[in-house]
Each structure stands twice: as structure tokens, then as C-alpha cells.
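First the structure, in the form of C-alpha cells, and then the observations on it.
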Amino acid sequence: MFLKQYIKDVWGAMKSLATGMKRTGYYFTHHKEIITEQYPDNRDTLVLPERFKGEVVMIHDENNEHACTGCTACELACPNATIKIITKFDVDAETGKKKKAIDTFVYHLELCTMCNLCVEACPTGAIKMAQTFEHSVFDRSKLTKTLNQPGSKIREGVE
Ligand code: SF4
Ligand code: SF4
């Protein structure tokens, strides 16, 4: 009885192996039908879906200027406290008047659900969702980012 069951199991395993090898052999000769992406080998040719969202970034132009006024609308719109806007007051050189400005845009990538609500809430289009997705780090603190670049300032005319 034991021997009969053993032979049956071996036969089943061989049959299963042959089925798998048949499928492997098929794709070996039909490359165009393979839909599995060989990541990370395909990094250079990887095409992400248009709506894929990887992280929030602040848009800076070639003059290192952005459109963030520090209004905190994005912070208020975020459902899970991913954003913290720290503001400061800049003094206008001509008028001497103080004006609120962004000091640090703190973004906790590890908390972000990529819901896009902050981007939709921003009245000046200062932030957007980027498609970068390779966010693995050994140190969790590296996921806390400052989105305004060092030395950047608000673009003239943005209120
Ligand atoms: S995408 Fe959503 S979760 Fe992420 S920072 Fe914006 S509002 Fe918050
Ligand atoms: S990114 Fe937009 S919504 Fe957020 S503080 Fe700056 S201007 Fe306001």
C-alpha cells in the first residue's frame, strides 16, 4: 500500500514538473508573449502607468525658485499628518514690510498614502506627485524629507 502511494506521488511530481517545463519551453520560444517585468534589469526601459504616484515633490525652476507661499493648505488637506509646513517672515527690502514665507516643507514619505489631496489643495501648483518609487532605506529617518531645496526662494509674482 505504501509503495503504491509512493509511486503515485512520484508520478504526480514528474507530471507536474513536465507541465511546468512545457510552459517554460513555450515562453522560451515565444518571447513577445512574456508579460512579467524583469525588475530591476529593465530599469532603463521601465514604463510606469501615467497615474502612478511615488512621492510628493516641490517643483523648482532653473533659478531654484518655487511657487510655495507657505499657506499650509496642503498640510491641512493631508489626512495623516504627512506634511509639516514651517514658516518664517521675510522682510521686503524696498518696503520693509514683513511677508510670510516657507522656511521648511517637511514631508514624511513613510506616512504618505499617495492620495494626492495635498497637490489638489495647493492654490499655486507648487507641489506635484513624482513617479520615483525606489524608496528603500536602512535608516527610517531618511524618509523624512525637506521638499524646498537649499537656497531656494519663492518665484516673483506668486502670491
Ligand atoms: S499624497 Fe496624501 S498622504 Fe501624501 S502628503 Fe499628500 S495628502 Fe498627505
Ligand atoms: S505647497 Fe502649496 S499648499 Fe502647501 S504650503 Fe506651499 S503653497 Fe501652500
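The values are calculated or read from the model by the stated rules, or taken from the named source; none is laboratory data. All figures in this text were calculated on a predicted structure; none of them were measured in a lab. All Cβ positions, even for glycine, are placed from backbone atoms using ideal geometry, and neighbour counts span all protein chains on display. These accessible areas exclude ligands, DNA and RNA; they are computed on the full protein's heavy atoms, side chains included. Shrake-Rupley method; radii C 1.70, N 1.55, O 1.52, S 1.80 Å.
Below are the figures for this structure:
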quantity	calculated
Strands (runs of 3 or more DSSP E) contained entirely in the range 48-159, each with at least 3 residues that are over 13 Å from the mean Cα position of the chain (by Cα)	83-91, 98-108
Within the range 15-46, considering residues that are more than 16 Å from GLU134 (Cβ to Cβ) and not in a helix (DSSP H, G or I), the one most open to solvent (accessible area, probe 1.4 Å)	ILE35
Those residues of the range 138-151 which are touching an Asp or Glu at 6+ places or on another chain (Cβ under 9 Å) and modelled with pLDDT of 95 or more, in sequence order	LEU143, THR144, LYS145, ASN148
Positions within the range 115-145 being in contact with a helix residue (DSSP H, G or I) (Cβ under 8 Å, 6 or more places away or on another chain), open to solvent by less than 60 Å² (accessible area, probe 1.4 Å) and over 20 Å from ILE102 (Cβ atoms), in sequence order	HIS135, LEU143
Any hit, the range 99-111, residues being within 14 Å of ligand 2 (Cβ to nearest atom) and either touching a helix residue (DSSP H, G or I) at 6+ places or on another chain (Cβ under 8 Å) or of a type in the set (S, T, N, Q) (or both)	yes
Among the candidates LYS99, LYS128, LYS84, residue that is more than 10 Å from ligand 1 (Cβ to nearest atom), at pLDDT 95 or above and under 17 Å from GLU65 (Cα atoms)	LYS128
Any hit, the range 146-158, residues being in contact (Cβ under 8 Å) with a residue 12 or more places away in the chain, within 16 Å of ligand 1 (Cβ to nearest atom) and surrounded by 15 or more Cβ atoms within 10 Å (Cβ to Cβ)	yes
